[in-house]
Amino acid sequence: QVQLVESGGGLVQAGGSLRLSCTASVSISSFNAMGWYRQAPGKQRELVALITSGSSTNYADSVKGRFTISRDNAKNTVYLQMNSLKPEDAAVYYCNAHKWLQDYWGQGTQVTVSL
């Protein structure tokens with residue numbers, strides 16, 4: 001059974017930084033891609049950043065230049081470094097792992113950004 005455990009969320013002032021971590025119970029090399037999604041109250045879940053097994057990355061336009069996704073295969077962990085945070089970045093952030101037709105999700109971690 002695949003388990004994804006996120007950590008690193010919290011409260012930060014606008015302009016600050018946070019680093020989210022997602023640790024998998026299995027080798028992340030087995031996934032085609034891993035990503036971070038977020039969902040704010042009353043909004044749909046949206047893709048924030050994606051990293052493939054070949055380490056290609058893709059970002060939502062709203063976070064380009066501020067967020068960086070990375071992976072450490074030895075630790076089975078994917079990171080999301082978030083800099084220059086804005087109030088509109090506040091949401092529950094979810095880790096996703098995608099393998100062929102299967103998707104796995106973490107439980108989410110709350111990010112709150114204060115003015």
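Using a 1.4 angstrom probe on heavy atoms only, work out the carbon and sulfur share of the accessible area of the chain in %.
For the chain, the apolar C and S fraction of the accessible surface comes to 48 percent.
Go ahead and collect, in residue order, the members of the stretch 53-93 whose backbone nitrogen is under 19 Å from a label point 7 Å along the Cα-Cβ direction of TRP100.
53-54
Give the accessible surface of the chain per residue, rounded to a whole number of Å², with probe radius 1.4 Å and ligands, DNA and RNA excluded.
Heavy-atom SASA per residue in the chain reads 53 Å².
State the answer as a single residue: which of PRO41, VAL78, ALA60 lies farthest towards the positive end of the charge dipole of the stretch 24-78, with beta carbon charges of +1 for Lys and Arg and -1 for Asp and Glu, about the Cα centre.
Toward the positive end, the furthest listed residue is PRO41.
Report, in debye and to the nearest 20, how large the dipole of the chain comes out about its Cα centre when Lys and Arg carry +1 and Asp and Glu carry -1 on their Cβ.
Value, rounded to 20: 80 debye.
Rank these by accessible area, largest first, 1.4 Å probe: THR68, THR77.
THR68, THR77
How long is the chain along each principal axis, judged by its Cα atoms, biggest number first, in Å?
Largest first, the chain extends 40, 26, 22 Å along its Cα principal axes.
Which sequence of ASP61, ASP89, ASP72 reflects their accessible areas, 1.4 Å probe, from the largest down?
Of ASP61, ASP89, ASP72, the descending order of accessible area is ASP61, ASP72, ASP89.
The values are calculated or read from the model by the stated rules, or taken from the named source; none is laboratory data. This structure is a prediction, so every number in the text was calculated from the model and none was measured. Backbone-built Cβ (ideal geometry, glycine too); neighbour counts: all protein chains shown. Calculation scope for accessible area: heavy atoms of the full protein, side chains included, ligands and nucleic acids excluded. Shrake-Rupley method; radii C 1.70, N 1.55, O 1.52, S 1.80 Å.
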